[in-house]
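Engineer: Here it is, the structure in full.
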Amino acid sequence: MPALYNFGVRLYFFAIYVASFFNRKAGLWLNGRKGQYVTENASCIWFHFASLGEFEQGRPVLEQVRNLYPGEKIVVTFFSPSGYEIRKNTPLADYVYYLPLDTAGNAREFIEAINPTMAIFTKYEYWYHFFKELHRREISLYIISGIFRPGQVFFKWYGGLHRKMLRFVTHFFVQDEQSKQLLQGINVSKVTISGDTRFDRVWANAQQPKPLPIIEAFKNGHQLFIAGSTWPQDEQLIAQLINDHPDWKFIIAPHEISDEKVNKLITLLPENSAIKYSQLSSHISRLTSHVLIIDNVGMLSSLYQYGDIAYIGGGFGAGIHNTLEAAAFGLPVIFGPNYSKFKEAKDLLALDAGFTITNETELQQIAGKLINDEGFYIAASLQIRKYVEEHTGATQTIIDFIKTVDQ
């Protein structure tokens, strides 16, 4: 079984190598690892994140651990360039690296160099050789905000190697009861239902959001519809909504912000109605524009403080993006049909604080009701904010356990 796993890892590396000739992200993934020098440490605490979203999810725990162990170095690794490139200079870490390819030699050399006293992985990154090496060295390994579904490989007849990975973990902190039961069903008993640390992160952000005066000036007293992490199919639906509501302002933050993608988005919109955020400093008079397109990364979580309704992209593709950043500010959220893997989306639908759509007509209907029915809007807004507040506390549960076990 390990031989098949190793073959899969090598095959993935070869695919990235081929893709790197024409795909910038693949090139960053490959070249970032190729030129990486890892500083040797006397000891450290190691946090690993798949990408930027997982970093933000695990950030409350990272911040608390940094405070709890002020004398320890903090090492952060990322699998994806979208996490590494944006957070490689984070002040929360002493060293930030790409996670090396998961081979036995790489795992042994990397762990020997950074010498962690504990390792904390967020949500769903499982790497056989790194986990095995941590276990061999008797280094505590925690999975936080874990979530499991019956269809995952761990619970299939052919998932023996993946089940073995899980048994290398010291303790799991999972989001829900189903995850705990699934793990216990394969004899993994060291599990605590802590909830999702994303709630702590977005709630803290909503209490002290970063002010954005230029966004406030763009809004200028209008109602504001914010579409976050959108893909082309989302944008086609939103374009018509913009035509139907000339008295509202709109902000669109595309998931991909290359000039090509952003310029294509602009062609969907009424002529001269939109301006890019990057152009505002030189075209300040264009604050009167109907639509503002965010062509940078990192603003979205702060943008929602100025919004009234949010549309969350990705629901016509692999799955919706982060609904909770908007929810923490009390914005009712609208999203596409692919939400089944996201517990919070299903919770929000049940509370009538989130709304799913499959086409342009449904988007117009639900947006129109939120815009025109004040009682309906207020009820949804109060419910969604209450939902986020009631689900905070995962970070404290995790930290209390770690303090007991690892101090």
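Engineer: Considering only segment 168-200, state which residues are of a type in the set (S, T, N, Q) and either surrounded by 16 or more Cβ atoms within 10 Å (Cβ to Cβ) or outside any loop (DSSP other than H, G, I, E, B) (or both).
Structural biologist: Across segment 168-200, the qualifying residues are Thr170, Gln175, Gln178, Ser179, Gln181, Gln184, Thr192, Ser194, Thr197.
Engineer: What is the number of the single condition among (1) touching a Ser or Thr at 6+ places or on another chain (Cβ under 8 Å); (2) surrounded by fewer than 19 Cβ atoms within 10 Å (Cβ to Cβ) that Trp203 does not meet?
Structural biologist: Of (1) touching a Ser or Thr at 6+ places or on another chain (Cβ under 8 Å); (2) surrounded by fewer than 19 Cβ atoms within 10 Å (Cβ to Cβ), only one is false for Trp203: (2).
Engineer: Within the group Lys73, Lys25, which residue is buried (at least 16 other Cβ atoms within 10 Å of the Cβ), within 25 Å of the chain's Cα centre (by Cα) and of a type in the set (Lys, Arg)? Step through it out loud before you land on a result.
Structural biologist: On the way: Lys25 fails: buried (at least 16 other Cβ atoms within 10 Å of the Cβ).
After ruling out the rest, the residue left standing is Lys73.
Engineer: What are the pairs, 6+ residues apart or on separate chains, where a residue within segment 43-69 that is open to solvent by 10 Å² or more (accessible area, probe 1.4 Å) has its Cβ under 6 Å from a residue that is in a helix (DSSP H, G or I) and of a type in the set (D, E, K, R)?
Structural biologist: Glu56/Arg201; Arg59/Arg201; Pro60/Asp200; Pro60/Arg201
Engineer: I've got another one for you. What single numbered condition from (1) under 17 Å from Ile398 (Cβ atoms); (2) open to solvent by 10 Å² or more (accessible area, probe 1.4 Å); (3) touching a strand residue (DSSP E or B) at 6+ places or on another chain (Cβ under 6 Å); (4) in contact (Cβ under 8 Å) with a residue 24 or more places away in the chain fails to hold for Asp94?
Structural biologist: (1)
Engineer: Of all residues in segment 326-381 being of a type in the set (Ser, Thr, Tyr) and touching a Lys or Arg at 6+ places or on another chain (Cβ under 9 Å), which is farthest from Trp231 (Cα to Cα)?
Structural biologist: The qualifying residue farthest from Trp231 (Cα to Cα) is Tyr377.
Engineer: Of all residues in segment 204-230, count the ones that are outside any loop (DSSP other than H, G, I, E, B) and without any contact (Cβ under 8 Å) to a residue 12 or more places away in the chain.
Structural biologist: Total meeting the criteria: 2.
Engineer: Return a yes/no flag: does segment 184-200 have any residue that is in contact with a Pro (Cβ under 6 Å, 6 or more places away or on another chain), at pLDDT 95 or above and not aromatic (Phe, Trp, Tyr).
Structural biologist: yes
Engineer: Applying the selection to segment 140-164, what residues are in contact with a Lys or Arg (Cβ under 8 Å, 6 or more places away or on another chain) and open to solvent by less than 40 Å² (accessible area, probe 1.4 Å)?
Structural biologist: Ile143, Ile144, Ser145, Gly146, Ile147, Phe154 - these are the residues of segment 140-164 that are in contact with a Lys or Arg (Cβ under 8 Å, 6 or more places away or on another chain) and open to solvent by less than 40 Å² (accessible area, probe 1.4 Å).
Engineer: Wholly within segment 18-114, which helices (runs of 4 or more DSSP H) include no fewer than the required count, namely at least 2 residues that are touching a Ser or Thr at 6+ places or on another chain (Cβ under 7 Å)?
Structural biologist: Numbers: elements: 24-34, 52-68, 81-87, 104-114.
Result: 24-34, 52-68, 81-87.
The values are calculated or read from the model by the stated rules, or taken from the named source; none is laboratory data. This is a predicted model, so every value here is computed, not measured. All Cβ positions, even for glycine, are placed from backbone atoms using ideal geometry, and neighbour counts span all protein chains on display. All accessible areas refer to the heavy atoms of the entire protein, side chains included, with ligands and DNA or RNA removed. Shrake-Rupley method; radii C 1.70, N 1.55, O 1.52, S 1.80 Å.
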